[in-house]
Amino acid sequence: MTIAGVAVKWGVPRQTPLSIADWWSLVDEKQQLAAFAVEQRITRQVYELSGFGMEFALKAHIMGYEGLDGWPDRSSRPELYDHNLNRLLRYSGLDLATIPPDIAPNFRLALNWRRDHGYSSAKPSIIVARQIFDATFGAKGAVTWLRTLR
């Protein structure tokens, strides 16, 4: 799908990323698309893209934390094939109690994303969409902080 000349891939990748760099590339893509969606006031997609960006950043972090050379297949690590951010956090080696206090509120907000909310008919307001975007990708955002741990 193309919107205003931008190729849009809203959801999950068709192929599982194999490396940390692959995951971060997807995070970058979701961040760019989410910024575009904020500008265009496509609030439902801001929420979805921010959530996937957070998911993919956590998966990149898990790979680094566990020293994985490649993303494991589903049969060997089914727990990593999850969209639940709080469950993924358990495998990341991170603890909410150790996240810097200026980042923690945004990190908690970003963790509230649920994949199934994308199927809701409710449309977030632009204010809520911007809050989710900032909590995820802003200067004190969860993904912004995760990038510093690479």
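Values in this text are rule-based calculations from the coordinates and carry no lab data. All figures in this text were calculated on a predicted structure; none of them were measured in a lab. Cβ sites come from the backbone with ideal geometry, for glycine too, and all protein chains shown count toward neighbours.
So the values come out like this:
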quantity	calculated
Residue match in the range 16-34 (condition: among the aliphatic types (A, V, I, L, M), part of a loop (DSSP other than H, G, I, E, B) and exposed (fewer than 14 other Cβ atoms within 10 Å of the Cβ))	yes
Neighbours by Cβ (under 8 Å, 6+ apart or cross-chain): first from the range 84-111, under 20 Å from Ala139 (Cα atoms); second among the acidic types (Asp, Glu)	Asn106/Asp134
Members of the range 38-75 that are among the small types (Gly, Ala, Ser) and either surrounded by fewer than 24 Cβ atoms within 10 Å (Cβ to Cβ) or under 14 Å from Thr136 (Cα atoms) (or both)	Ser50, Gly51, Gly53, Ala57, Gly64, Gly67, Gly70, Ser75
Residues located in the range 117-134, provided they are small (Gly, Ala, Ser) and touching a residue at least 60 places away in the same chain (Cβ under 8 Å)	Gly118, Ser125, Ala129
